[in-house]
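Below: the structure, in structure tokens.
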Amino acid sequence: MTAIIDIKKLYESNYLQWLEETIKCLKNRQLADIDYENLIEELEYLAKNEKRRVRSLLEQIIRHLLLYQYWDLEKPRNANHWAAEIISFRNQVNEDLNANLHKYLEDNLTIIYSNALDYVKAKTKLTNLPELCPYTLEQILDKNWLP
């Protein structure tokens, strides 16, 4: 029981050492010594951050797809930049995408699109933008696809 108290104190005073000790306990199957409360909190935080990261990247891709497809006035000057940004964001999101994150993006595509649309409307003042997402998730993530 003293290991649990010590590890809990360690979480507050030396986070890196807490991580190392927690990993050591898990590897050695010393389950009684694990600081479950803080470990669960940290895992929930990691999951939330990962979802936020891929959601943000997807929103960036959609923003640039909309700019690329609909902002004709700026397209001659910015099309290459927008296409390069799309590639960069796609590479980042596809690098770590797994089945769970893919499902999360599918389930949240409507709200992610809505947020991207709000941004593009404010930036461009365009009135010809579709209210519903004109792209499938597969198109959005496809390295070779542009509208």
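The values are calculated or read from the model by the stated rules, or taken from the named source; none is laboratory data. None of the values given here were measured: they were computed from a predicted structure. In this analysis, Cβ positions are derived from the backbone assuming ideal geometry, glycine residues included, and neighbour counts consider all displayed protein chains. Accessible surface areas use protein heavy atoms only, side chains included; no ligands, DNA or RNA. Shrake-Rupley method; radii C 1.70, N 1.55, O 1.52, S 1.80 Å.
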* Take the Cβ-Cβ distance between Lys27 and Asp6 as r, set R0 to 22 Å, and report the resulting FRET efficiency rounded to the nearest 0.05. => 0.75
* Asked: Can you give the accessible area per residue of region 39-103, in Å², using a 1.4 Å probe?
  -> 59 Å²
* Structure fact -> The FRET efficiency for Gln69 and Gln92, from their Cβ-Cβ distance with R0 = 25 Å and rounded to 0.05, is 0.75
* With axes computed from alpha carbons, what is the tilt in degrees of helix 2-13 against the longest principal axis of the chain, rounded to the nearest 10 within 0 to 90? -> 40 degrees
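Too long at a 30 Å Cα-Cα cut-off: which of Lys8/Lys51; Lys24/Lys143; Lys123/Lys143; Lys75/Lys103; Lys9/Lys48? Don't skip to the end; give the middle numbers.
On the way: Lys8/Lys51 27 Å; Lys24/Lys143 40 Å; Lys123/Lys143 25 Å; Lys75/Lys103 32 Å; Lys9/Lys48 25 Å.
Pairs exceeding 30 Å: Lys24/Lys143; Lys75/Lys103.
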* May I ask you to list the residues of region 37-56 whose amide nitrogen lies under 18 Å from a point 7 Å from Cα along the Cα→beta-carbon direction of Tyr15? => 37-53
* With point charges of +1 on the Cβ of Lys and Arg and -1 on the Cβ of Asp and Glu, referenced to the Cα centre of the chain, which listed residue (Tyr15, Tyr36, Leu126) lies farthest in the positive direction of the dipole? -> Leu126
